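The values are calculated or read from the model by the stated rules, or taken from the named source; none is laboratory data. What you see is a predicted model, and the numbers here were worked out from it, not measured in a lab. So basically every Cβ, Gly included, is an ideal-geometry build from the backbone, and we count neighbours across all protein chains shown. Quick note on the areas: whole protein, heavy atoms, side chains included, nothing else; ligands and nucleic acids left out. Shrake-Rupley method; radii C 1.70, N 1.55, O 1.52, S 1.80 Å.
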Amino acid sequence: MQPTTEPLRMKPALRTHFNAAMEDIRMSPIVSISEEARSRAKEFEKSGKPFVFFQRGEIDFPTPAFVIDAAKRGLDLGLTKYPKSGGEDFFKEAVATRLRLDHGAEGIEPAHVVATYGGQEGLELSFKLFKSGAGFSPTWSCALENFVPFAQLDFVEVPLNRDFSVDFDRVESAVRGCEFFYLNNPQNPTGKVFSEDELARIVDICTRHGVFVIADEAYEKIVYDGHRHHSLVCVPQENVISVFTLSKTYSMTGWRSGYVVTRNPKVAKLLRLGNYTQTAGVTTFLQYAAAEAMNNVDESRRAIATMVAEFERRRDALYEGLKDLRGVTIDKPAGAFYMFPDFSEFIPRDLKGPERNHYVYELLMEHGIASVYGSCFGKHFGDNVRLSFSATPVPIIHEAVERFRRVFR
């Protein structure tokens, strides 16, 4: 018998569209800006002058030695097995103790704490709990480019006033139609530190409308001029979700160590499940090192004080150099390590859209200064530019100021 031959069939085409939760996320524009800056720096530095990198929130201090030693001890102790979902007991107990000592937060129990890979995972999981939210503009670019599309939620930007004060009528209007309000304090990109009264009024508005507050407290320790960071972890209510990271406090950006604290048992359970689903928990010896960072109070305070004092020197040098420039409005940041000057009076009035948004950014780049254009942080502050002084020594800041003065004279 002759073998039968099957007719040739076309293979079905592979799909080119995927889940919108993945399709819609974007790489932070700050990453592409950094790549462009590194490329342009090679050419610029042929002039013999340094290129100034003001674009990224990386920190140029090393991780404190006592934290590194603790990680090594954790390895020696054999803390290399599967981690406990939501965090090891020793880590969560260290968090509860730290929050009580630093902020006077009473009633925080290990069950309220969920260990995460950095504050970024904590925020992403928290956003994922909801279908709609709101938050101040300007806001951290990752919230807009990553958390919002990944969670497939509707997000309303609530603009701060031009002096970065709060319009509470706008807050009240926004929360009526959403499930959570995102609050970054101290704030990236403005350096604003919200007052105790501002925070109380925001929490009150959210509570009256049955809305959660997601408090992003990444820069809690970086405050200046006697300002105090008032942590919402102290609020004894179940509608507050506080997210922390060791990245900024201990110069541990690459360690990816953070945690979420909430008094809401259902939220804590869902966050633990989300963390387990994504990563099966945080590496145990890293939790051990993070616990040591929080438990060793004396070493921690010394390390943090050293960093903050240097950040303050950098802030002062940059602010004093820029405050009198023509066409520039600048507020002195009270926290974090960012400055967000407004160039509205300098930018030609006839410029619109992307050309306007990128005008100062491109001008500075031509003079060997990398920055981040304001439209990366939302819809409302396109004439601003963010300058980060987290990794820029004072002598380089002085050099940058001279270039600013040549451009904006």
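Some points to look at:
- Of all residues in segment 221-230 being assigned to a loop (DSSP other than H, G, I, E, B) and touching a strand residue (DSSP E or B) at 6+ places or on another chain (Cβ under 7 Å), the one that is surrounded by the fewest Cβ atoms within 10 Å (Cβ to Cβ): His227
- Segment 87-100 residues that are within 16 Å of Thr116 (Cβ to Cβ), paired with ones that are hydroxyl-bearing (Ser, Thr, Tyr) and crowded, with 24+ Cβ neighbours inside 10 Å (beta carbon under 9 Å, 6 or more apart): Gly87/Thr116; Gly87/Tyr259; Phe91/Tyr259; Lys92/Tyr259; Val95/Tyr259; Leu99/Ser242
- Scanning segment 48-68 for residues that are in contact (Cβ under 8 Å) with a residue 60 or more places away in the chain and in a helix (DSSP H, G or I) gives Phe66, Val67, Ile68.
- Subset tally (residues that are open to solvent by 50 Å² or more (accessible area, probe 1.4 Å) and modelled with pLDDT under 95) for segment 84-98: 1
- Condition met for Gly327 (open to solvent by 10 Å² or more (accessible area, probe 1.4 Å) and on the phi > 0 side of the Ramachandran plot): yes
- Considering Ile214, Ile205, the condition of being more than 18 Å from Tyr319 (Cα to Cα) and surrounded by fewer than 24 Cβ atoms within 10 Å (Cβ to Cβ) is satisfied by Ile205 alone.
- So Leu79, is it surrounded by 12 or more Cβ atoms within 10 Å (Cβ to Cβ) and either of a type in the set (S, T, N, Q) or not in a loop (DSSP other than H, G, I, E, B) (or both): no
- Residues of segment 146-205 classified as in contact (Cβ under 8 Å) with a residue 24 or more places away in the chain, aliphatic (A, V, I, L, M) and part of a helix (DSSP H, G or I), total: 8
Conditions tested, residue by residue: (1) within 20 Å of Tyr250 (Cβ to Cβ); (2) of a type outside the set (Lys, Arg); (3) surrounded by fewer than 21 Cβ atoms within 10 Å (Cβ to Cβ).
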{"position": "Leu271", "(1), (2), (3)": "no, yes, no"}
{"position": "Tyr276", "(1), (2), (3)": "no, yes, yes"}
{"position": "Thr284", "(1), (2), (3)": "yes, yes, no"}
{"position": "Lys332", "(1), (2), (3)": "no, no, yes"}
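- Residues that are open to solvent by less than 30 Å² (accessible area, probe 1.4 Å) and among the basic types (Lys, Arg), drawn from segment 137-173: none
- Residue among Lys84, Lys11, Lys46 that is among the basic types (Lys, Arg) and touching a strand residue (DSSP E or B) at 6+ places or on another chain (Cβ under 9 Å): Lys84
- For segment 120-136, a residue qualifies if it is assigned to a helix (DSSP H, G or I), farther than 19 Å from Arg56 by Cβ and open to solvent by less than 10 Å² (accessible area, probe 1.4 Å), and the qualifying residues are Gly122, Ser126, Phe127.
- Given (1) open to solvent by less than 10 Å² (accessible area, probe 1.4 Å); (2) over 18 Å from Arg162 (Cβ atoms); (3) touching an Asp or Glu at 6+ places or on another chain (Cβ under 9 Å), index of the condition Phe381 fails: (2)
- Residue count for segment 33-76, restricted to those that are under 30 Å from Ser257 (Cβ atoms), exposed (fewer than 13 other Cβ atoms within 10 Å of the Cβ) and of a type in the set (Gly, Ala, Ser): 1
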